[in-house]
């Protein structure tokens, strides 16, 4: 491997470790993976739309694989934090719905 390619690889690894070392960085990375469609079906019934969505999903899968390889413990922490964020969002939504129902009565 050339020195330039090795330098680029090391820089990329260090950049990702830096992003995943902070809560906001992990939240951003998770949101980027989620927005790519990693956790959803790409089937739409239209071949071109499905192909487009599959391309986005492939990018998200690359991000996921890179995080798992470079910083596996930070990746697991990101999963835990995302699950906690989802639970908190669900509780907030439930509280808002209860408040809206109570206001209607």
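Computed from the coordinates by the stated procedures, all read-outs in this text should not be read as laboratory data. Nothing here was measured: the structure is a model prediction, and the numbers come from that model. A quick note on method: Cβ atoms are made from the backbone with ideal geometry, for glycine too, and the neighbour counts reach across all protein chains shown.
Looking at the stretch 65-73, is at least one residue outside any helix (DSSP H, G or I) and touching a helix residue (DSSP H, G or I) at 6+ places or on another chain (Cβ under 7 Å)?
Yes, because at least one residue in the stretch 65-73 is outside any helix (DSSP H, G or I) and touching a helix residue (DSSP H, G or I) at 6+ places or on another chain (Cβ under 7 Å).
With the condition kept exactly as written, say whether any residue in the stretch 44-59 is within 18 Å of residue 83 (Cα to Cα), surrounded by 12 or more Cβ atoms within 10 Å (Cβ to Cβ) and touching a helix residue (DSSP H, G or I) at 6+ places or on another chain (Cβ under 6 Å).
no
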